[in-house]
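Beneath this line is the structure, given in structure tokens, with notes to follow.
The values are calculated or read from the model by the stated rules, or taken from the named source; none is laboratory data. Every value quoted in this text rests on a predicted model; they were computed, and no experiment measured them. All Cβ positions, even for glycine, are placed from backbone atoms using ideal geometry, and neighbour counts span all protein chains on display.
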Amino acid sequence: MDFSKPKRPVDRVFLHCSASDSEAHDNIETMRRWHLERGWRDVGYHYFIRKSGELEAGRSLEEVPAAQQGHNTGSIAICLHGLKQEKFTKAQFDTLIALCREIDKAYENQLTFHGHCEVSAKTCPAFDYKTVLGLTESGDRKNAPASEPQRVEQPILELTAKGAAVAHLQALLNEKLQIDLTIDGHFGQLTKAAVISFQRKKGLVDDGTVGRRTWEELLA
Ligand SMILES: [Zn+2]
């Protein structure tokens, strides 16, 4: 599932239901027709999720939705087909969860997720979205990591190397050897000596240069 951030600012996602269980209405084109009949220029939602779990695209993400009167700015609107709580399907929820995960990830898990009912008197959506998405009171996804893990580069390091990878190396050496190198990102003589003792401990070539094999052992 691919999601690319629109250029307009977004800080919230709103969830809706189509208020119909009719098979004939189970598609974005019906939603579009309903909304055009209201005089809107396009369907109000960005996404529509069919009972089968199939995801359909609605209006462009670059456009503000027409879905939560007075609360459209800064939002993305997702609609699930359905009316009766018990008639929503697991396939729909699986798609919704995957979509929300992707959207949240694109914003470093800073978004909050809400039901239309939070900003209107409507019973929308008709399913228990807080349980389905695992939301906190404020609408954060409970199981979202605080931030995505940083990918750490593992270049070949030797005496006089500098930078974040060296700092990472020093932290790993401290942990593995129970020593207390200063984590300053400078590969000096003390760091080299620590690399050599680590390499000897692991039966590696003790040349004081951190190559692929040494990284593997450090990260094991
Ligand atoms: Zn709604």
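Things to note:
- Selection status of GLY74, at positive phi and in contact with a strand residue (DSSP E or B) (Cβ under 7 Å, 6 or more places away or on another chain): yes
- Residues that are modelled with pLDDT of 95 or more and among the hydrophobic types (A, V, I, L, M, F, W, C) within the range 182-203 comprise PHE187, LEU190, ALA193, ALA194, VAL195, ILE196, PHE198, listed in sequence order.
- Within this structure, ALA146 passes the test of being more than 14 Å from TYR47 (Cβ to Cβ), away from the ligand (no atom under 15 Å from the Cβ) and either at pLDDT below 95 or part of a loop (DSSP other than H, G, I, E, B) (or both).
- The set of residues in the range 7-41 that are surrounded by 15 or more Cβ atoms within 10 Å (Cβ to Cβ) and either more than 26 Å from the chain's Cα centre (by Cα) or away from the ligand (no atom under 16 Å from the Cβ) (or both) comprises VAL10, ALA19, SER20, ASP21, HIS25, ASP26, ASN27, THR30, MET31, ARG32, TRP34, HIS35.
- In the range 43-59 there is no residue that is away from the ligand (no atom under 12 Å from the Cβ), loosely packed, with under 15 Cβ neighbours inside 10 Å and in a helix (DSSP H, G or I).
- When the range 77-102 is filtered for residues that are surrounded by fewer than 21 Cβ atoms within 10 Å (Cβ to Cβ), in contact (Cβ under 8 Å) with a residue 40 or more places away in the chain and either of a type in the set (A, V, I, L, M, F, W, C) or away from the ligand (no atom under 16 Å from the Cβ) (or both), the ones remaining, listed by number, are LEU83, LYS87, ALA91, ASP94, ALA98, LEU99, ARG101, GLU102.
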